[in-house]
Structures are given as structure tokens and as C-alpha cells.
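Have a look at the structure below, then the notes.
The values are calculated or read from the model by the stated rules, or taken from the named source; none is laboratory data. Here the structure is a predicted model, which is why all the values come from computation and not from measurement. Every residue, glycine as well, gets a Cβ built from its backbone with ideal geometry; the counts of neighbours run over all protein chains shown. Only protein heavy atoms, including side chains, enter the accessible area calculation; ligands, DNA and RNA are left aside. Shrake-Rupley method; radii C 1.70, N 1.55, O 1.52, S 1.80 Å.
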Amino acid sequence: MNITVKLFASFRTGRFGEKNFDCPEACRISYVLQELGISESEVGVLLVNGRHGDVDYSLAPDDTLSIFPLIGGG
Amino acid sequence: MTEKIYRVNMTTLTASAEDVPQEWKTLGGRALTSTVVAKEVKPGCHPLGKYNKLVFAPGMLSGTACANSGRLSAGGKSPLTGTIKESNAGGTSSQCLARLGVKAIIIEGLPQKDAFYSMHLDKNGITIAEETELIGKGNYEVITAVRKRRGDKVGVLSIGPAGEMKMPLANISVRDPEGNMRSHGRGGLGALMGSKKIKYISIDDAGAPGVAIAEPEKFKEASRVFAKCLLDHPVTGQGLKTYGTNILVNILHEAGGLPTENFRTGRFDGHDKISGETMHDTIVERSGKPSHGCHAGCIIQCSQVYNDKKGAYLTSGFEYETIWGFGADCCIEDLDLIAQADHLMDDIGIDSIETAVTVSIAMEAGIIAFGDGPGTLRLIKEIGSGSHLGRLLGAGTAAVGKAYGLSRVPVVKGQAIPAYDPRSVKGMGITYATSTMGADHTAGYSTATNILKVGGFVDPLKKEGQVELSRNLQIATALIDSTGLCLFVAFAVLDKPEAFTAIVDMVNAKYGTSITGDDGIALGKSVLKLERGFNMEAGFNSTHDRLPEFFEELCPPHNTVWDFTDKEIDSFWDF
Ligand code: SF4
């Protein structure tokens, strides 16, 4: 199935900002992270269609997955 | 060395040094400014009248070797909101004052003559002089001139033309190490300083005795632990340094909490053009500085120097809230134009949040169109010039909304709501509603836990847990604002208990006390209650702890609404 993956901040370095991504049906976010070479401990926030999820979340076709390192501001 | 309270009487143009009352000895920053205001200012007074006072106090740890401890608190009754106000800023002044043994400066009375004055503070005390040359001048020129007059290292607190005109969105500027600006931004304290007819205060700490520390070894050890916590945490050690606070544009957009086109939706199509990632690349490309500290001793370094296309200095301290305000809220997709706006606002001396939201209301009113960048710069210049339109805009978001008969006006207690939509970051809504300062994101930064997953996670789209989250954060913030620590240390403190212990240890080592973490929390609570007490006497009650009713409209993309009952909001104060 196809999903959209968006990367932010330092995760873009050597990777990409936004990309269509092919992955197995109902695959978990952890699979995508592994494919991208991002370790789970580096991840700060995961959003699926703008809602918070965790690495065990099962993705559906056409989902947008946004991946952020731990960030702050204000 | 004994600390002193400096009391400046602008009616008689005299200053005196007083002993610090016993009960104020271990207070600093916000705890001290709010205590002085609550004790000495009539709650019902006119903010620009003779009974209001302008109070400055360095934090409890300012002037020491503790990292990020150079924040200065300014307090008074707010000309914008009519509530009590504490606004803190970086820059070099807090450390200068602390090293001179200045516990607080309390400025009272009003000059009898129609003239402006400057104040100079050094190891010999305070002198007041009439000022003519710099009247009407912008902050950049004032700071350059004062450095020439008083030496390159001098600390400066100044107001621009907006403060002289006593506009409710005027701020007080604080020079940073390079001679650029940080600001006591919110609540119109620049108008209060303008009412006292003080154009600038210069502070020279040459020959200052320095800060007395009761137990230096203990202090050193605790400050080492604290610095390590900041450096080891990914946000305070790396994230803020690399991308600044503007890294938030993209995550708030993705999470649907980036207020766009005067709070119509939570997503902005032009988000990537104004994002922290784009800003970082632009700064590097133009040989600016991606990281910069607003005072010596800042190791987080969220500030930056942003150059124009030709590589010349344009602005610094270019913050998420400013970029959100002109970017998403006014629909301007041009970072360079927003940087020009930031420079203008620093020079005129106006709060970038209140100004941005006021401009978006001017767009709502049809004065200019949403997305009109050049029109935005023109409106900001109108404010600086004091034209009739400029005066109206200079009165702030609520006033412009009223003048044009609008109800879609995002304010609480007359202060503009900043960069997080309360319908999709619900913990922030509780903070906006209940803060003693009017809508203020820094008062209890629920975004940390709602969006950024710092200090745990509370779902931003649900009501559960938000009141408690905002309460705990507001209490902790009142404490941090009293220490002189930059609020951004909270990202590390929320995740690392040893950082909080280190703060308590440093306070104890400085004063020779033995307070506990619980005492610190009790102080935070008492500051909030004291401030609320002032507001109640000034005529505020729980009906003012409410968000505007247009937040009952759906906020795309999640289509959530503001749905807290009055009772739920009011339970915030059950402590
Ligand atoms: S982190 Fe930013 S706001 Fe805080 S002290 Fe440093 S430069 Fe100033």
C-alpha cells in the first residue's frame, strides 16, 4: 500500500522532506522507521493524519505519517 | 554584600536605596515584582496614572554562574489588560543589576514637567537626567547612542516611539550582548515606562561587588549538574540551538494547531516557506548565525542572527510566535518580509505577538487584505509614526476589533491569543483562559505535553487532563520566572528530576537556606494566588476566565471545538 511520509528537522538531513512510500498492508510505524534508518530512541513525535500515534500503530492506505525528533520551542 | 531596593520617585526626580524587607530577601524575578505590585499598587488605579508603579527585578539566580539565569522580570498594572503583569526578558541587564546588588527597582510617581528623562545606575547609585536628543528615536539608535555615552558594555532598557506615545502594545527593549534587542514584550509595559517619562535606563556594573553566595562549593556542584542536564537533553542541548523556536511551525501545522487566517483553520498551506527548517537553511546560506544567546551564560541559544539577501543584518531573536503571527495568522508566506516586520517592531518598540494579531484583525476588518505583506509593513510604520490609524492599531487587538464591530477577535482579558489554537491544543486554551496575565502561552506551556511529548503526553484534542496539566505548568512556571532562569530550561526539567533538584540546591546554596522542592512549588502557588487576588480587586472575576465564543466554531482539520464548561475552567483555581 501507499502512504505519505514527511520528515522534519534533523531527520531531513541525508533523507527527504516528503515522499510517497510503499509498504506492506497494515504495517506498523516501526517498520517505516527501520526502512528509513531512524532509531526509535531518536523519535520525539509521530503523527498519523495529524494525530499522535506510537511505533506500534498500524498504518492504513493513504495515511500521512509525520516523523519528528524531540523538539521544543515556544 | 547587602542587596538594596532602589526606589525612584519621578514626581520629585529623586532616587533612594532601601534595605530589603526580611520577607523579600529570598524572592526574585516574578515573585518579587508581583509581590511589590500587589502590596504597593492600588488595583483600581489607572495604569498610566500616578498610582501605578514599574518594577524591575533580576531573578533569584541572576548574576551567578548558573546557566541561563539572566532573565529580568518587569512588573506593574498592565496598560493593555488592566490586570497585574509580569513580563520577563533576556539581554544583559538582569546580570548587571544582580551584580550591583540591586534586588529591585521600583519606579513611582509622574514627572510634573512635560519632559523625558534617562536614568543611570552604577555602583554609586542612580542618577536621573533630562533627555532631549533621543526623544522620538527608535531603539536601535537609542542603544547605539547610549553605548557611545556610557561605554560599550553598558546594559540598556529602553522604549521606542510607541512607548513614548503610551500605546498599549508598547514593549520595553533590553539590549543583548551585541547591541540588538530582547523585549519585555507583552502587556504594554512600554506604555507604563512612557507614562513615567523614562526613555531609557542604562546600567553599568563596572566595579560591582558581585552576587554573594552563602555556600560557593555547593553552588558550583549544583550548577554543574544543572548545565549537564541542559546539554544532555535533546531539546535544550541541540534542538533549540539548531532550529530556534521556529521549528514549531511545521509540527503545529501537521498537528492542526497552527492558527491560520485569524483562527479559521489549524493548517497553513505556506507553512514550509516560513518553517524553522527553511529559516535555518536561509540563515546558513546568508552567513547569519543559526544559534545565539540573548545573554552571556545562555547555553541553550535559541536565538539567531537573520541576514537579508545581501548578507547584511536584518534581525535577531526571530521567534516562532512572530513568524506564526505574520505568517499563518496574516497569511504571509515570505520569511524575509516577516523579518523586516520584526526589525521594525523592535525599533518602534512594540510587542510582536500583539502587533501580529492586531494586523490580522486589521485584515479581518478589511483595512488591508489577508496576505498583504507590503501593506503589513505600512501598518507597522503607521504605528511608529503615531498617525490616527497608527494610534488605533497601537491600542491592540481588542480595541481594533471593537472599533470595527468585530466579534472574531482572539483575546482573553484584552490580550491577544498567541500561536496555538485552543480547539486543537486544548491545554493551551486552559492556560489562555486562566492565566493572571491575559492570554499568554508562556504562563503554562501545555504545548510541551500536548504536542511535543515533553513531560509525558496529554491528548491535545481531548478535554481529559488539561486543567490539571495547565495548573501544574502554571505553578512551575511562576517558580521558574522567579529564579531568573529562561523558561526553556523547563524542557529539560520536565524530563529530568535531577535538574529540578539542582535548581533548588542552587537557591539554597545562594541564600544559605534549606528549602525543599515542595517549598518551591508552594512559592509558585502563592505567586499565582497573589496575582489573582490583585486582579479580583481590580474588577476581574471568573467570567473573565473565558475564551471568545467564536471558538465554538469547528477548527479544521480535526473539526474540534472549545467545549470546556465554565465549571471545568473554574476548577483550575482549586488548589
Ligand atoms: S534559550 Fe533563548 S530565550 Fe532562553 S536565554 Fe537563551 S537565547 Fe535567551
- Some residue of the range B:480-498 being part of a helix (DSSP H, G or I), open to solvent by 50 Å² or more (accessible area, probe 1.4 Å) and modelled with pLDDT of 95 or more: yes
- Is it fair to say B:T355 is within 16 Å of the ligand (Cβ to nearest atom) and among the polar types (S, T, N, Q)? no
- Query: For the range B:365-449, which helices (runs of 4 or more DSSP H) that fit wholly inside it have 1 or more residues that are in contact (Cβ under 8 Å) with a residue 24 or more places away in the chain and in contact with a Cys (Cβ under 7 Å, 6 or more places away or on another chain)?
  - Reply: B:373-385
- Taking the range B:237-287 and the residues there that are among the β-branched types (V, I, T) and more than 16 Å from the ligand (Cβ to nearest atom), the one that is nearest to the chain's Cα centre (by Cα) would be B:V249
- Quick check: anything in the range B:186-197 outside any helix (DSSP H, G or I), in contact (Cβ under 8 Å) with a residue 12 or more places away in the chain and within 14 Å of another protein chain (Cβ to nearest Cβ)? yes
- Checking B:H295 against (1) more than 10 Å from every other protein chain (Cβ to nearest Cβ); (2) open to solvent by 10 Å² or more (accessible area, probe 1.4 Å); (3) within 22 Å of the chain's Cα centre (by Cα), which single condition isn't satisfied? (2)
- Message: Being surrounded by 19 or more Cβ atoms within 10 Å (Cβ to Cβ) and within 14 Å of chain B (Cβ to nearest Cβ) narrows it down to one residue among A:L65, A:L59; which is it?
- Response: A:L65
- Item | Yes/no for B:S526 being away from chain A (no Cβ under 14 Å), open to solvent by 20 Å² or more (accessible area, probe 1.4 Å), part of a helix (DSSP H, G or I) and under 29 Å from B:F56 (Cβ atoms) | yes
- Item | Subset of the range B:228-262 that is of a type in the set (D, E, K, R) and more than 9 Å from chain A (Cβ to nearest Cβ) - its residue that is surrounded by the most Cβ atoms within 10 Å (Cβ to Cβ) | B:K241
- Task: Scan A:R28, A:R51, A:R15 and give me the residue that is within 14 Å of chain B (Cβ to nearest Cβ), more than 19 Å from B:H253 (Cβ to Cβ) and not acidic (D, E).
- Result: A:R15
- Message: If B:F457 meets every condition in (1) more than 23 Å from the chain's Cα centre (by Cα); (2) buried (at least 24 other Cβ atoms within 10 Å of the Cβ) apart from one, which number is that one?
- Response: (2)
- Task: Might you check whether a residue that is under 19 Å from B:G136 (Cα atoms) and in contact with a Pro (Cβ under 7 Å, 6 or more places away or on another chain) occurs anywhere in the range B:355-369?
- Result: no
